[in-house]
Amino acid sequence: MTIRIDDAPIVPIGSGGGKRKGGRRGSAAGAHPWRGAAALEAVGVYAWFGDTMVLEDVTLSVAPRSVTALIGPSGCGKSTFLRILNRMHESVPGAKMAGEVLLDGQDVYAPDFRITETRREIGMVFQKPNPFPAMSIADNVTAGLTLNGTKVSRSERAELVETCLLRAGLWDEVKDRLGRPGGALSGGQQQRLCIARSLAVGPKVLLMDEPCSALDPTSTNRIEETIRELSSLVTIVIVTHNMQQAVRVSQRAAFFLAEQGAPGRIVEQAATESLFGNPSDSRTADYVHGRFG
Ligand SMILES: Nc1ncnc2c1ncn2[C@@H]1O[C@H](COP(=O)(O)OP(=O)(O)OP(=O)(O)O)[C@@H](O)[C@H]1O
Ligand SMILES: [Mg+2]
């Protein structure tokens, strides 16, 4: 069994060690984090809460192994859009959507695409770190596997915990206290623990909704480093109100805007350098230069 923790290619647990005891392949073969990054495409996405349309005709393509930043004023629909990408929007009472979300070309809203599969393929990290506070650090990492009923052996689990914590940039700080509760970590460490937890189920895309907004500058730097490193493994879409952060971590950026009670739309999407350095729409220029929002 081999896990490479440097850059791809990554060998999944259970794929390199041949037969195991009892002649079975590794039970965690499907549980390993590095299953490859996917392309993600939203096509003509609309969203409603009740009768109110909050997103209109949003089309966005995200290349595999890239970081895309979503920016825009409060209330323009960035979080709603992220929730549509991994089918969390439909859990909100009264919420509806239209359009397509394609993961490597497959519509995650197609009847044969299960919601649990979507959530596994497309992970989410929230603004407020939300580890299970009483659960150990190690158990927090593997909580997603436990929830979706994936069985892993003790050694595979230990390896998975280490790999995910390494990838989330937390291993060195917690390797001697993996049995301590997740809630005993600092806010920044908790957020990296949540990233490790998201990685453990093997997502191909990671969505991050203002993952640093509750963190101090040092923790923010650590998370940004982690994002840059992870982008060689998974596709990342990050919502941020921090323009410098968008410039530091992303290759592409999309500017969302909801004008005068209208639904949110993408005004402009481009390479990050060009969206910030030479925006083509005057509204984008006003926003990125801090003239509103
Ligand atoms: N559960 C909900 N029920 C009704 N309306 C909602 C709900 N969640 C969000 N909205 C509305 O949908 C619109 C988009 O909200 P959303 O949270 O997606 O914006 P956002 O761009 O993420 O804002 P922020 O930058 O403040 O996080 C807003 O008008 C908001 O009031
Ligand atoms: Mg939001």
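Return the pair list, or none, for Cβ contacts closer than 8 Å from residues in the stretch 125-142 that are in contact (Cβ under 8 Å) with a residue 60 or more places away in the chain and part of a loop (DSSP other than H, G, I, E, B) to residues that are of a type in the set (Ser, Thr, Tyr) and within 16 Å of ligand 1 (Cβ to nearest atom), at least 6 apart or on different chains. The qualifying pairs are GLN127/SER213. For the stretch 268-287, the condition holds for no residue, the condition being that it is assigned to a loop (DSSP other than H, G, I, E, B), in contact (Cβ under 8 Å) with a residue 60 or more places away in the chain and within 16 Å of ligand 1 (Cβ to nearest atom).
Being under 22 Å from LEU233 (Cβ atoms) and part of a loop (DSSP other than H, G, I, E, B) is the requirement here; does THR116 meet it? In short, no.
For the stretch 227-242, a residue qualifies if it is within 16 Å of ligand 2 (Cβ to nearest atom) and either on the phi > 0 side of the Ramachandran plot or among the hydrophobic types (A, V, I, L, M, F, W, C) (or both), and the qualifying residues are VAL237, ILE238, VAL239. When each of GLU210, GLU121 is tested for being within 16 Å of ligand 1 (Cβ to nearest atom), under 13 Å from the mean Cα position of the chain (by Cα) and closer than 25 Å to LEU102 by Cα, the lone residue that passes is GLU210. Take the conditions in contact (Cβ under 8 Å) with a residue 12 or more places away in the chain and either over 22 Å from the mean Cα position of the chain (by Cα) or farther than 26 Å from VAL108 by Cβ (or both) and apply them to LYS204. Does it pass? No: the conditions fail for LYS204. Once the stretch 267-284 is narrowed to residues that are farther than 10 Å from PHE255 by Cβ and surrounded by fewer than 19 Cβ atoms within 10 Å (Cβ to Cβ), the residue that is nearest to the chain's Cα centre (by Cα) is ALA271.
Taken together, LEU70, LEU60, LEU82 contain a single residue that is part of a strand (DSSP E or B), surrounded by 17 or more Cβ atoms within 10 Å (Cβ to Cβ) and within 12 Å of ligand 1 (Cβ to nearest atom), which is LEU70.
Residues that are closer than 24 Å to VAL45 by Cβ and surrounded by fewer than 16 Cβ atoms within 10 Å (Cβ to Cβ) do occur in the stretch 235-245, at least one of them. Within the stretch 236-256, the presence of at least one residue that is within 30 Å of PRO133 (Cα to Cα) and away from ligand 1 (no atom under 16 Å from the Cβ) is confirmed.
Of all residues in the stretch 101-122, those that are modelled with pLDDT under 95 and among the small types (Gly, Ala, Ser) total 1. Within the stretch 109-123, is even one residue among the aliphatic types (A, V, I, L, M), surrounded by fewer than 15 Cβ atoms within 10 Å (Cβ to Cβ) and closer than 30 Å to LEU275 by Cβ? Within the stretch 109-123 (the criterion being among the aliphatic types (A, V, I, L, M), surrounded by fewer than 15 Cβ atoms within 10 Å (Cβ to Cβ) and closer than 30 Å to LEU275 by Cβ), the answer is no, since none of the residues qualifies.
Taking residues in the stretch 62-74 that are within 16 Å of ALA42 (Cα to Cα), and partners anywhere that are within 9 Å of ligand 1 (Cβ to nearest atom), the pairs with Cβ atoms closer than 6 Å and at least 6 places apart or on different chains are LEU70/LYS78; LEU70/VAL239. Criterion applied to LEU160, LEU206, LEU199 was being in contact with a Ser or Thr (Cβ under 7 Å, 6 or more places away or on another chain), in a helix (DSSP H, G or I) and open to solvent by less than 40 Å² (accessible area, probe 1.4 Å), and the one residue passing it is LEU160. Just to be sure before I move on: is GLY105 within 16 Å of ligand 1 (Cβ to nearest atom), open to solvent by 10 Å² or more (accessible area, probe 1.4 Å), touching a residue at least 60 places away in the same chain (Cβ under 8 Å) and more than 14 Å from VAL237 (Cα to Cα) in the structure I sent? Considered against the rule, which asks whether it is within 16 Å of ligand 1 (Cβ to nearest atom), open to solvent by 10 Å² or more (accessible area, probe 1.4 Å), touching a residue at least 60 places away in the same chain (Cβ under 8 Å) and more than 14 Å from VAL237 (Cα to Cα), GLY105 comes out as no.
The values are calculated or read from the model by the stated rules, or taken from the named source; none is laboratory data. No experiment lies behind these values; they were computed from the predicted model shown. Note that each Cβ is placed from the backbone with ideal geometry, even for glycine, and that neighbours are counted across all protein chains shown. Only protein heavy atoms, including side chains, enter the accessible area calculation; ligands, DNA and RNA are left aside. Shrake-Rupley method; radii C 1.70, N 1.55, O 1.52, S 1.80 Å.
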